[in-house]
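Have a look at the structure below, then the notes.
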């Protein structure tokens with residue numbers, strides 16, 4: 001009986017291994033300047049996008065959802081601003097960091113927000129859907 005640790009991998013196992021071992025955050029945009037510092041914007045992974053959308057939705061007492069659009073820019077930037085190596089600069093789970101980003105002027109953050117929405121394919125229709133304003 002072959003040793004399971006030395007047995008050759010099946011084609012499906014090799015494919016799974018190649019997919020899971022590939023770099024997760026290869027898509028970066030930048031550099032951009034934020035308050036004199038060089039920053040980049042990175043693409044979400046699938047689970048990161050889900051977390052961002054979940055934080056944007058709020059469960060209502062009646063069982064439905066409503067969108068938390070206040071702080072949307074800051075939440076998106078906290079989830080995507082990174083170093084040239086793709087390491088997040090802010091912790092999107094730390095509300096004090098998200099609030100601090102939200103205090104930066106729109107003039108400074110809007111180019112970064114635009115880059116993050118474009119790179120992550122977050123469209124106006126997506127925001128409308130999160131807000132419950134979808135026509136479908």
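The values are calculated or read from the model by the stated rules, or taken from the named source; none is laboratory data. Note that the structure is a prediction, hence the values are computed from the model and not measured. All Cβ positions, glycine included, derive from the backbone under ideal geometry; neighbour counts span all protein chains shown.
Data overview
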| read-out | value |
| --- | --- |
| Neighbours by Cβ (under 9 Å, 6+ apart or cross-chain): first from region 1-20, at pLDDT 90 or above; second part of a loop (DSSP other than H, G, I, E, B) and loosely packed, with under 10 Cβ neighbours inside 10 Å | 8/2 |
| Any hit, region 68-76, residues being without any contact (Cβ under 8 Å) to a residue 60 or more places away in the chain, in contact with a helix residue (DSSP H, G or I) (Cβ under 7 Å, 6 or more places away or on another chain), within 14 Å of residue 43 (Cβ to Cβ) and surrounded by 14 or more Cβ atoms within 10 Å (Cβ to Cβ) | yes |
| Hits in region 32-67 - residues which are touching a strand residue (DSSP E or B) at 6+ places or on another chain (Cβ under 6 Å), at pLDDT 90 or above and exposed (fewer than 14 other Cβ atoms within 10 Å of the Cβ) | 38 |
| Count of region 95-110 residues which are touching a residue at least 60 places away in the same chain (Cβ under 8 Å) and more than 18 Å from the chain's Cα centre (by Cα) | 2 |
| Cross-chain or 6+ apart pairs with Cβ under 6 Å, region 116-131 first and more than 20 Å from residue 40 (Cα to Cα), then in a helix (DSSP H, G or I) and at pLDDT 80 or above | 130/56 |
| Selection status of residue 85, at pLDDT 90 or above, in contact with a helix residue (DSSP H, G or I) (Cβ under 6 Å, 6 or more places away or on another chain) and at negative phi | no |
